[in-house]
Amino acid sequence: MEKRDSLRTVRRALSILDCFSFQKQELSLTQIANEIELAKSTTTRLLTSLETEMLVQRDDKTGKYKLGTKLIYLGQIAKDAYQLKDVMAPLMKQLRDETLETVNLYTIDRGKRVCILQFEGYQPLRHAVRIGELLPLHAGAGGKVLLAYQSEQRKQEAIKDLTMVEQNERLAELQQIKESGIAISIEEREIGLAAIAVAVPNRDGSVTHCLSISGLVQRFSNEKINEFKQRLKDVIAQVEHD
């Protein structure tokens, strides 16, 4: 019952955001309550919660509400993500064609790593993940690169199921990854698989995406690993200059 009530509250809050448009950029409490067909008292509680999260903003002079500044920030992230995929696609295809291995673009979703773009390798035996599949942040090259740039709280949350020794080792590794921008995993998440991943910096220096090359561990010799590292760095350099 509690879960159902929480879901209903979220839906009601989202319905408030849907009230706004280019034609209706500012709305009064009465207008919003009528639009979502709820009592003013309930609407006020929802608006207060949204205002606390900076998703709506109330004008003290007029008493009217408008969309909050956090939506500008989230909108820019979404815009950059779509633009990033357009920029990355041809570079990733070329990287796949040159290395013959699978190339993935990952981001963070619900505290997990998720693949949003993939060019599957040409090798007879190759590695591929499903688009949209949620994977852990604490394991695998891609996950570790993303986790390295997150807050200490998120790092602790991601590694909480590891032993204390493993947690300390992983935190030290994450610091090294953050300094270099590159992570390597050898049979870490799956037996027989290896991967190399590099951070894709946002304009503000934060990291919410990473690019990886993955395949069978037998094909990831030290020589190949060094080659793949350089190729990944070259791709990121091209993205940064676009």
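The values are calculated or read from the model by the stated rules, or taken from the named source; none is laboratory data. Treat the numbers as computed from the prediction; the structure is a model and nothing was measured. Ideal geometry is used to build each Cβ from the backbone, glycine not excepted, and the neighbour counts take in all protein chains shown. Ligands, DNA and RNA are stripped out before the accessible areas are found, and what is left, the full protein with its side chains, is counted by its heavy atoms. Shrake-Rupley method; radii C 1.70, N 1.55, O 1.52, S 1.80 Å.
Things to note:
- Residues located in the stretch 178-192, provided they are farther than 14 Å from LYS233 by Cβ and either surrounded by 14 or more Cβ atoms within 10 Å (Cβ to Cβ) or among the hydrophobic types (A, V, I, L, M, F, W, C) (or both): LYS178, SER185, ILE186, GLU188, ARG189, GLU190, ILE191
- Qualifying residue in the stretch 230-242 (condition: in a loop (DSSP other than H, G, I, E, B) and touching a helix residue (DSSP H, G or I) at 6+ places or on another chain (Cβ under 6 Å)): yes
- Test: residue in the stretch 156-170 that is modelled with pLDDT of 95 or more and not small (Gly, Ala, Ser): no
- Of everything in the stretch 1-37 that is in contact with a Leu (Cβ under 8 Å, 6 or more places away or on another chain) and part of a loop (DSSP other than H, G, I, E, B), the residue that is surrounded by the fewest Cβ atoms within 10 Å (Cβ to Cβ) is GLN25.
- Residues (free of Cβ contacts under 8 Å to residues at least 40 places away in the same chain and either under 18 Å from LYS233 (Cβ atoms) or open to solvent by 40 Å² or more (accessible area, probe 1.4 Å) (or both)) located in the stretch 77-99: ALA78, LYS79, TYR82, GLN83, LYS85, ASP86, PRO90, LYS93, GLN94, ARG96, ASP97
One line per residue, one yes/no per condition, for (1) out of contact with any helix residue (DSSP H, G or I) (no Cβ under 9 Å at 6 or more places or on another chain); (2) open to solvent by less than 20 Å² (accessible area, probe 1.4 Å); (3) under 21 Å from LEU91 (Cβ atoms):
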residue	(1), (2), (3)
LYS144	no, yes, no
ALA148	no, yes, no
PRO201	no, no, yes
GLN218	yes, no, no
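- Looking across the stretch 119-134, the residues that are in contact (Cβ under 8 Å) with a residue 12 or more places away in the chain and either closer than 18 Å to PHE220 by Cβ or buried (at least 19 other Cβ atoms within 10 Å of the Cβ) (or both) come down to PHE119, GLU120, GLY121, TYR122, GLN123, LEU125, ARG126, HIS127, ALA128, VAL129.
- Flag for SER214 being of a type in the set (Ser, Thr, Tyr) and more than 21 Å from GLU120 (Cβ to Cβ): no
- Where a residue in the stretch 141-164 is touching a residue at least 12 places away in the same chain (Cβ under 8 Å) and its partner, wherever it lies, is surrounded by 24 or more Cβ atoms within 10 Å (Cβ to Cβ) and basic (Lys, Arg), with Cβ under 6 Å and at least six apart: GLY142/ARG113; GLY143/ARG113; LEU146/ARG113
- Residue list for the stretch 31-75, filter: among the aromatic types (Phe, Trp, Tyr) and touching a helix residue (DSSP H, G or I) at 6+ places or on another chain (Cβ under 8 Å): TYR65
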